[in-house]
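So the structure is just underneath, and the comments pick up after that.
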Amino acid sequence: MATDAPNKPDEKPADLSPAAAFSEAERAAIYRVIHARRDVRDEFLPDDVPRDVLLRILDAAHHAPSVGFMQPWNFIVIRDAKKRRAAYAAFQRACEAEEQALEPERRSLYRSLKLQGIVKAPLNICVTCDRARFGATGLGRTQQPDTDILSTACAVQNLWLAARAEGVGVGWVSIVRDADLRQIFQIPKEIAIVAYLCVGYVAQAYRLPELEAKRWASRLPLENLIFEDRWGELVVSTNPP
Ligand SMILES: Cc1cc2c(cc1C)N(C[C@H](O)[C@H](O)[C@H](O)COP(=O)(O)O)c1[nH]c(=O)[nH]c(=O)c1N2
């Protein structure tokens, strides 16, 4: 059995051989969490998320991969009701602008969607990326400078999955202007804002993505997304989604 203990520099690496693989139950659990994770909008309960649960979730985020092991993330944990109300007002302004940018025939469905739980969730988390944590570039970033942002997105996904495993819902809100978040939470200009998350226990979780259940979009067939050896060389199925 592989040990999960982190390697110390003088320790032998973890055994990744098939014989040391995770048990069937462990594999089933991770796929179940991946498939059961949902974006949660307004189904939040007011119950507080205990600190130990929150720390486990943030520790999962902190164990995400990062370019050059840069770990560029910070997590602004937001409980203050006044600040959350200010973030909600910023959401409302951005939402109106987004609605106007949509094709007219999609606007009424857009209006009917719940797209955030900023005030209802007991907790919000703003995940940021310090783009110069270990200098302007670094290992793996010279040619692809945005890999620091991508690393932070990996942390968000770890957070999201760990929260699901803990029975805690997470909703990502990107319908808000960067400048508004920066002002409300006093985020310096050299720090990038990657994600604004609503976090809390939930009354119920959708089985399907809510946007699928409400016919905004549907999941594309995986086989349409897999190419072989070059862009567009082989589309296994050409069925429309
Ligand atoms: C970067 C990013 C940004 C956003 C989202 C996601 C991601 C990855 N999603 C959630 C998104 O709609 C959702 O993930 C998909 O609809 C798929 O549903 P599940 O996450 O599988 O439930 C999202 N949802 C929402 O209601 N308001 C929002 O502003 C956003 N913004």
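Details
- Taking the criterion of being under 22 Å from Thr147 (Cβ atoms) and open to solvent by 60 Å² or more (accessible area, probe 1.4 Å), the residues of the stretch 64-79 that qualify are Pro65, Phe69, Asn74.
- Flag for Ser218 being without any contact (Cβ under 8 Å) to a residue 40 or more places away in the chain, of a type outside the set (A, V, I, L, M, F, W, C) and more than 10 Å from the ligand (Cβ to nearest atom): yes
- Within the stretch 201-214, if we keep just the residues that are farther than 27 Å from Ile76 by Cα and not in a loop (DSSP other than H, G, I, E, B), the residue that is nearest to the chain's Cα centre (by Cα) turns out to be Leu211.
- Number of residues in the stretch 106-162 that are of a type in the set (S, T, N, Q), open to solvent by 50 Å² or more (accessible area, probe 1.4 Å) and within 13 Å of the ligand (Cβ to nearest atom) equals 2.
- Residue count for the stretch 1-57, restricted to those that are modelled with pLDDT of 90 or more and under 30 Å from Arg207 (Cβ atoms): 34.
- Members of the stretch 38-63 found to be out of contact with any strand residue (DSSP E or B) (no Cβ under 6 Å at 6 or more places or on another chain) and open to solvent by less than 50 Å² (accessible area, probe 1.4 Å), listed by number: Arg38, Asp42, Val53, Leu54, Ile57, Ala60, Ala61
For (1) of a type in the set (D, E, K, R); (2) part of a strand (DSSP E or B); (3) surrounded by 15 or more Cβ atoms within 10 Å (Cβ to Cβ), each residue gets a yes or a no:
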| residue | (1), (2), (3) |
| --- | --- |
| Ser174 | no, no, no |
| Leu181 | no, no, yes |
| Pro188 | no, no, no |
| Val199 | no, yes, yes |
| Trp216 | no, no, no |
| Arg219 | yes, no, no |
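- Condition check for Val77: within 16 Å of the ligand (Cβ to nearest atom) and either of a type in the set (Val, Ile, Thr) or assigned to a helix (DSSP H, G or I) (or both): no
- Members of the stretch 128-155 that are in a loop (DSSP other than H, G, I, E, B) and touching a helix residue (DSSP H, G or I) at 6+ places or on another chain (Cβ under 6 Å): Arg131, Gly138, Leu139, Gly140, Arg141
The values are calculated or read from the model by the stated rules, or taken from the named source; none is laboratory data. No experiment lies behind these values; they were computed from the predicted model shown. FYI the Cβ positions are ideal-geometry reconstructions off the backbone, even for glycines, and counts take in every protein chain you see. The accessibility values were calculated without ligands, DNA or RNA, using every heavy atom of the protein model including side chains. Shrake-Rupley method; radii C 1.70, N 1.55, O 1.52, S 1.80 Å.
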